[in-house]
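Here is the structure we will look at, set down as structure tokens.
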Amino acid sequence: MSTHRNVSLTVNGTLHEKEIEVRLTLADFLRKRLGLTGTHLGCEHGVCGACTVLVDGRSARACLMLAVQADGRDVTTIEGLAPPSGEGLHPLQEAFRDHHGLQCGYCTPGILMTLVEFLRDNPAATEDGVREAISGNLCRCTGYQGIVDAALDAARRLGAADTATGGRGRDAP
Ligand code: FES
Ligand code: FES
């Protein structure tokens, strides 16, 4: 049985065609083959949420998913969150900076990717909703209050962007 396979997937808008080991996780593919080390590894068994990325717009644990399972799919990592122009940050990143939503930052990429999905699907987010949404993401530093405040502020910023752009404010990623 072959231990390698060719895959073709889009990561942050760029198509990658690679031959990979079938046992390679998506997290290791992103970090070691593409150099996208913003996707962090904590527990490596689905508990901490540090490795969360978006696959076809839905959050996924990159440590629990094989890279071959992402064949033909569209992956977004933390590196794809800010505008591609290289200017400025995503409103969620700005809110995290303003509300001190991170300290060591190890959990932050996973929490941001989780919240991108949550705020896209729940534009009128409540504190309870935010706390439930990030309940699968462990943070050892912040006590979560800054994260929750940042998420609620980001919801307001994204809502304002929606109003200004006639609904296009939440389009990407
Ligand atoms: Fe994937 Fe912890 S590293 S959930
Ligand atoms: Fe350190 Fe969350 S900021 S683990």
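Tabulated data
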{"read-out": "Extension gain from Arg140 to Lys32, taking 0.36 nm per residue of separation minus the Cα-Cα distance", "value": "36.3 nm"}
{"read-out": "Separation of the Gln69 and Ala82 label points, Cα + 7 Å toward Cβ, nm", "value": "3.1"}
{"read-out": "Accessible surface of the chain [probe 1.4 Å, protein heavy atoms]: carbon and sulfur percent", "value": "49"}
{"read-out": "Estimated vicinal HN-Hα couplings, Hz - region 130-143 in sequence order (Karplus 6.51, -1.76, 1.60; Gly, Pro = x)", "value": "4, 4, 5, 4, 9, 5, x, 10, 8, 10, 8, 9, 8, x"}
{"read-out": "Residue-normalised accessible area of region 1-151, given per residue in Å² at a 1.4 Å probe", "value": "50"}
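The values are calculated or read from the model by the stated rules, or taken from the named source; none is laboratory data. Being a predicted model, the structure only gives us computed values, none of them experimental. In this analysis, Cβ positions are derived from the backbone assuming ideal geometry, glycine residues included, and neighbour counts consider all displayed protein chains. Quick note on the areas: whole protein, heavy atoms, side chains included, nothing else; ligands and nucleic acids left out. Shrake-Rupley method; radii C 1.70, N 1.55, O 1.52, S 1.80 Å.
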